[in-house]
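The values are calculated or read from the model by the stated rules, or taken from the named source; none is laboratory data. What you see is a predicted model; the values in this text were computed from it and never measured. Glycine gets a Cβ as well: all are built from the backbone with ideal geometry, and neighbour counts include every protein chain shown.
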Amino acid sequence: MGELKVEKHIRYILSVEKKKDGFESVIMEHIRLNGAYWGLTTLDLLGKLDVADTEEVVTWIMKCQHESGGFGGNVGHDPHLLYTLSAIQVLALFDRVNILDVDKISNYIASLQNEDGSFSGDIWGEVDTRFSYIAICSLALLHRMDKINVGKAVEYIVSCKNLDGGFGCTPGAESHAGQIFCCVAALAITGSLHHIDKDLLGWWLCERQVKSGGLNGRPEKLPDVCYSWWVLSSLIMIDRVHWIDKEKLKNYILDCQDKENGGISDRPDDAVDVFHTFFGVAGLSFLEYPGVKAIDPAYALPIDVVNRIFL
Ligand code: BD6
Ligand code: ZN
């Protein structure tokens, strides 16, 4: 496993940012704004955000904004909550949230809340607890929580809680670590964690650790580095992170690095990508790996960025 190859990962991220026609750039074309969030937040966690060209990134991000106020995954793409959060998060990294028309973007987000308190991802209406998290996280970062019915939003999220203590994408849907992160983080941001049975959910989450030390997303599934984020951030938010073996998880993440070319993959010897590089470094941040900045488990941003927004 060795140690974190910081310089290699920084060079890898910059190579993906620069290369427009590379395989990874092409398949991630439609979610490029998410890719910017994953790459730039990783650089900041490694203390190297300064290698990015702030003006170039900020100018490009604003080109992704639709007249509705929402952001698309790339310039000219239809707006969707998935990319609107990434835009706010990247602007927050650069302390440039002030260039946003906050009322316009928060009106767009609020327009997607449904009668039952749930949120649709865009005007086509798909409902998923991911979108509840994105709406609540975005509005909190913009200090505009008053634009939505928070009580109904919380009520809907609680209606998605299962008998195993976990959460799914809609009421009655199977518990999945990704959805659990969204619901726990949204409840944490709204000060509603009392709705969670921490021992029952903590048990479901710590059961995600397999013998290799890695974490999976559901029972019987293979471990995957990105669950180092979905599972670990949830355990931290409900104060049960001591229920997993941190040393074994750290070694699992370090084993998923491409030590030659940089980048982190979902499992050892798989192809690396910016998504897993981010969630691997963020996982190491939670494990207090030396030289990696602390990240906030609910806002998925470096703690110093969150403090600048809320303090
Ligand atoms: C998300 C997560 C948390 C909060 C809000 C969110 N909005 C969207 C997501 C999931 C999104 C993401 O993390 N955005 O920042 N995921 C993706 O963009 C990935 C991109 C991807 C595709 C293929 C391979 C690697 C990365 N995506 C579209 C996915 O479907 C990945 C695929 C995957 C990676 N490793 C195992 N599968 N799955 C994924 O993100 O699942 C996590 C998840 C699912 C549902 C709710 C929350 C989190
Ligand atoms: Zn993954």
Query raised in the report: Checking residue 236 against (1) within 16 Å of ligand 1 (Cβ to nearest atom); (2) in a helix (DSSP H, G or I); (3) crowded, with 21+ Cβ neighbours inside 10 Å, which single condition isn't satisfied?
Result: (3)
Query raised in the report: If a residue has to be under 15 Å from residue 6 (Cα atoms) and either under 17 Å from the mean Cα position of the chain (by Cα) or outside any loop (DSSP other than H, G, I, E, B) (or both) to count, how many in segment 274-291 make the cut?
Result: 11
Query - Output for segment 245-273, where each listed residue is part of a loop (DSSP other than H, G, I, E, B), charged (D, E, K, R) and under 20 Å from the mean Cα position of the chain (by Cα) - result: 266, 267
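Being within 18 Å of residue 14 (Cβ to Cβ) and within 15 Å of ligand 1 (Cβ to nearest atom) is the filter here; which residues of segment 259-280 pass it? Steps first, answer last, please.
Just the residues of segment 259-280 that are within 18 Å of residue 14 (Cβ to Cβ), to begin with: 259-264, 272-278, 280.
Within segment 259-280, 263, 264, 272, 273, 274, 275, 276, 277, 278, 280 qualify.
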Report task. Kindly list the number of the only condition in (1) buried (at least 16 other Cβ atoms within 10 Å of the Cβ); (2) away from ligand 1 (no atom under 13 Å from the Cβ); (3) on the phi < 0 side of the Ramachandran plot that fails for residue 194. Result -> (1)
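Taking segment 185-196 as the region of interest, how many residues are touching a helix residue (DSSP H, G or I) at 6+ places or on another chain (Cβ under 8 Å) and closer than 13 Å to residue 155 by Cα? Walk me through how you get there before you give the answer.
Looking only at segment 185-196, we keep the residues that are touching a helix residue (DSSP H, G or I) at 6+ places or on another chain (Cβ under 8 Å), and these are 185-190, 192-193, 195-196.
From the residues that got through so far, the ones that are closer than 13 Å to residue 155 by Cα too are 186-187, 190, 192-193, 195-196.
Here the count works out to 7.
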Report summary line: Of (1) of a type in the set (Asp, Glu); (2) modelled with pLDDT under 95; (3) touching a helix residue (DSSP H, G or I) at 6+ places or on another chain (Cβ under 9 Å), residue 260 fails just (2)
Query - Residue list for segment 16-50, filter: in contact (Cβ under 8 Å) with a residue 60 or more places away in the chain, assigned to a helix (DSSP H, G or I) and either more than 16 Å from ligand 1 (Cβ to nearest atom) or in contact with a Cys (Cβ under 9 Å, 6 or more places away or on another chain) (or both) - result: none
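For segment 197-233: of the residues being more than 19 Å from the chain's Cα centre (by Cα), assigned to a loop (DSSP other than H, G, I, E, B) and away from ligand 1 (no atom under 11 Å from the Cβ), which is farthest from residue 254 (Cα to Cα)? Outline the logic, then answer.
Within segment 197-233, the subset more than 19 Å from the chain's Cα centre (by Cα) is 197-204, 206-207, 209-213, 219-222.
Pick out the ones that are also assigned to a loop (DSSP other than H, G, I, E, B) and you get 197, 207, 210-213, 219-222.
Those left that are additionally away from ligand 1 (no atom under 11 Å from the Cβ): 197, 207, 210-213, 219-220.
Numbers: 197: 32, 207: 21, 210: 16, 211: 16, 212: 12, 213: 11, 219: 23, 220: 23 Å.
It comes out as 197.
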Report summary line: Flagged pairs (Cβ under 8 angstrom, 6 or more apart or on separate chains; first in segment 203-214, polar (S, T, N, Q); second surrounded by fewer than 17 Cβ atoms within 10 Å (Cβ to Cβ)) are 209/245; 209/248; 212/248
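Looking for whichever is closer than 24 Å to residue 289 by Cβ, surrounded by fewer than 21 Cβ atoms within 10 Å (Cβ to Cβ) and among the hydrophobic types (A, V, I, L, M, F, W, C) here; the options are 6, 57. Which one fits? First the steps, then the outcome.
Values: 57 fails: closer than 24 Å to residue 289 by Cβ.
Result of the check over 6, 57: 6.
Residues to consider are 175, 228, 192, 233; find the one that is of a type in the set (Ser, Thr, Tyr), within 16 Å of ligand 2 (Cβ to nearest atom) and either under 25 Å from residue 151 (Cβ atoms) or modelled with pLDDT of 95 or more (or both).
Details: 175 fails: within 16 Å of ligand 2 (Cβ to nearest atom); 228 fails: either under 25 Å from residue 151 (Cβ atoms) or modelled with pLDDT of 95 or more (or both); 192 fails: within 16 Å of ligand 2 (Cβ to nearest atom).
Sole residue among the options that is of a type in the set (Ser, Thr, Tyr), within 16 Å of ligand 2 (Cβ to nearest atom) and either under 25 Å from residue 151 (Cβ atoms) or modelled with pLDDT of 95 or more (or both): 233.
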Query raised in the report: All but one of (1) more than 15 Å from the chain's Cα centre (by Cα); (2) β-branched (Val, Ile, Thr); (3) within 16 Å of ligand 2 (Cβ to nearest atom) hold for residue 309; which doesn't?
Result: (3)
